[in-house]
Amino acid sequence: YAKEREVRIAIRSPETPIRTICDAVRIGQVVRNLLSNAIKFTEPGRAVTVEVEGGHRIDGVDGLAVEAAVVRVRDEGVGIPESELEAVFDKFVQSSKTKSGAGGTGLGLAISREIVGQHGGRIWAENNADRGASFTLLLPVTGRAADGGQEGGLRHVA
């Protein structure tokens, strides 16, 4: 899809793999949705960057901090109006800047937020300083917080 749209993709990840206990199919669905959206709204000749990092901390559902991984998808598109950064996660909502006939139902980000929430994680959007938007996903990576146990905070995904 990126090649067809003439959009470059850069991937930045650590040398040491980051492991998380999750529903790989569902988290893959989230990442594919973010990447597809980024490509769709990035002009030909520009780039989308996917960054993966470890060593972050988030509050689990029980309020205790747990180790988390971050996946960030940055595009070089038109960005999202500040007043719509949260609303784009609502069902059937699309940013006023991206209602360009590019397609979509406005369900992808709502579904993505639900999946990430079921994993005890967080997802949000923000505008880049120069141009475009970034979608950031934080997921618990270790211990009982990531395996559905009582001590940590991940509700198991069926």
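Data for the structure
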quantity: Within segment 1-60, trypsin sites (Lys or Arg not before Pro) in DSSP loop having at most 13 other beta-carbon neighbours inside 10 Å; calculated: ARG19
quantity: Loop GluC sites (Glu not before Pro), segment 1-92, which have at most 16 other Cβ atoms in a 10 Å radius of their Cβ (DSSP); calculated: GLU6, GLU15, GLU86
quantity: Accessible-area value, ILE11, 1.4 Å probe, nucleic acids and ligands omitted, Å²; calculated: 130 Å²
quantity: Probe 1.4 Å, accessible area per residue of segment 1-101, Å²; calculated: 61 Å²
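The values are calculated or read from the model by the stated rules, or taken from the named source; none is laboratory data. Worth saying up front: this structure is predicted, and the values here are computed from it rather than measured. Quick reminder, even Gly has a Cβ in these numbers, built from the backbone with ideal geometry, and neighbours come from all protein chains shown. These accessible areas exclude ligands, DNA and RNA; they are computed on the full protein's heavy atoms, side chains included. Shrake-Rupley method; radii C 1.70, N 1.55, O 1.52, S 1.80 Å.
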